Structure formats: structure tokens, C-alpha cells
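Below: one structure, written as C-alpha cells.
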Amino acid sequence: MQDIDILIVEDEKKIADALRQGLTENSFRAEVAYDGVIGWKVFQNRPFHLVILDINLPGMNGYELCKAIRAADPAVPVIMLTALNTLDDKIEGFDAGADDYIVKPFDFRELLVRIRALLKRIHRTVATGTLLHAGNLQMNLDSKEVTREGKPISLTAKEFQLLEYFLRNKNRVVSRVDISLHVWDIDFDTRTNVIDVYVNYLRKKIDKDFDEPLIHTQVGMGYILKDKS
Ligand code: CA
């Protein structure tokens, strides 16, 4: 299991550190966040293959974080790890978008089995393409194809990255600074209009010929890609 990045969001330092160590010993790469809000920031910063989430967390609880992760990435497997073990807690976890649920105290070997099973499942999905959606627009991250209403849309590499960023953050306002940092890796001088120019290129391709625009301008704040489906 090389090059598999796992995000652990757990505020109990002992458990979090033991998890990181166990995962590292099993050849996974693991990063820990001890707080829900920090976990969300770390998740948005770079891609992860799997997320392990505690439920009672400071900042943002595991259910809220799971919903945010699901909205940004429908495919990434999420395992909830918690001391809460009533049926209601489990249902709430699955409703928030969790794929699996492990009750503390747990045996690390069991967690490992569940992680491997979930990763096998996404590897199967990868074979047929990892997809991001908004309404009737679909992006295939493997084949780099974008379609809307089934019609292929041809994008440049930068437009593709920009659209991917919008899709991963759909229904959330992103500022020009967010966009420049994530899509260009630099903080553009705010007086330049590079971002607006690129957003307009993208709009011409994905919105102009369709009834329902996806990208909206949020005056004074930035842009938002709205998925009403
Ligand atoms: Ca906790």
C-alpha cells in the first residue's frame, strides 16, 4: 500500500499518535489533525485516499466534518471512529456520508482490515474513472474528460484545474486568493485580473450554451459553483 495518504482527525493525542504509528508501520502515509477545523483545512490542502474521523472533536464535530468532506469529494472513503455506539449514532454517521464505523476501544488489526477493504473498493472505481459532478456536468479525473449533458467539453490544463478546484469546493464561495493559491500555487497581486479572465474562459465553455449556469459571481467575495442537484 505505497503512496496511500490517510488523514486522521482525532483529538485524543494518544489514540491519534498510536494510529499514525500503526499506519506508518503498515506502509501508509498518515497525517494527524487534533481538531475538526484544522482537519478540514488539511483535507482541503491536498488529496487524501482515506479519512479516519473521530466524532467528538473540538472546532467542528465528526458529523459536520464528514458532510463537508462528502460535499467536496463524494468518493474518498471515510471511517468514523468513536466511543458512541448506539444505533442512532451509527445512523447519523452513515447519514453524514461515512463508509464505515468503528467503535472504541477497537483492535488496530480490525481497522487495518476495514481500511484495506475500502481502498480496494476505490481502486476498482479508479479503473472505471474517478468522477466529480455538479448537476449534469461530469469530470473524469483519470481520463481528464469533461462533459455536460453528455457533450464533451474541451478544456486547457489550467481550465481543467480551475474547474476541478470549483468542483471540489462546490456550493462554497471561493475567493480569488483561494483560487490563485490552489490553482496557481501563488498569491497573485490582487490588482491583476488573471483569475477573472480564466473564470470567464471557463464559463464560456461550461455555462454559456446551457440553461443553468454553474459558476456564479459573489460580489466582493469571489465565485461559487452551485450544484442544485
Ligand atoms: Ca474525541
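The values are calculated or read from the model by the stated rules, or taken from the named source; none is laboratory data. Here the structure is a predicted model, which is why all the values come from computation and not from measurement. Here Cβ is always computed from backbone atoms with ideal geometry, including for glycine, and neighbour counts include all displayed protein chains. Only protein heavy atoms, including side chains, enter the accessible area calculation; ligands, DNA and RNA are left aside. Shrake-Rupley method; radii C 1.70, N 1.55, O 1.52, S 1.80 Å.
Could you count how many residues in the stretch 15-33 are open to solvent by 10 Å² or more (accessible area, probe 1.4 Å) and within 16 Å of the ligand (Cβ to nearest atom)? Final tally of qualifying residues: 5. Selection of the stretch 15-63 for residues being of a type in the set (S, T, N, Q) and in a helix (DSSP H, G or I) yields Gln21, Thr24, Gln44, Asn45. Comparison of Thr190, Thr125, Thr156, Thr130 shows that the only residue that is at pLDDT below 90, touching a Leu at 6+ places or on another chain (Cβ under 6 Å) and not aliphatic (A, V, I, L, M) is Thr130.
Take the stretch 126-143 and flag every residue that is within 21 Å of Asp209 (Cα to Cα) and open to solvent by 20 Å² or more (accessible area, probe 1.4 Å).
Correct list: His133, Gly135, Asn136, Gln138, Asn140.
Put simply, of Leu111, Leu119 the only residue that is open to solvent by less than 30 Å² (accessible area, probe 1.4 Å) and at pLDDT 90 or above is Leu111. One residue stands out among those in the stretch 50-71 that are charged (D, E, K, R) and away from the ligand (no atom under 16 Å from the Cβ): the one that is farthest from the chain's Cα centre (by Cα), which is Lys67. Whenever a residue of the stretch 73-84 is open to solvent by 20 Å² or more (accessible area, probe 1.4 Å), its partners that are modelled with pLDDT under 85 and more than 11 Å from the ligand (Cβ to nearest atom), lying with C-beta atoms within less than 7 angstrom and at least six residues away or across chains, give the pairs Ala75/Ile122; Ala75/Thr125; Ala75/Thr130. Among the residues of the stretch 201-225, those that are surrounded by 11 or more Cβ atoms within 10 Å (Cβ to Cβ) and more than 17 Å from Val146 (Cβ to Cβ) comprise His216, Thr217, Gln218, Met221, Gly222, Tyr223, Ile224. Take the conditions (1) within 13 Å of the ligand (Cβ to nearest atom); (2) within 27 Å of His182 (Cα to Cα); Glu12 misses just one of them, which is (2).
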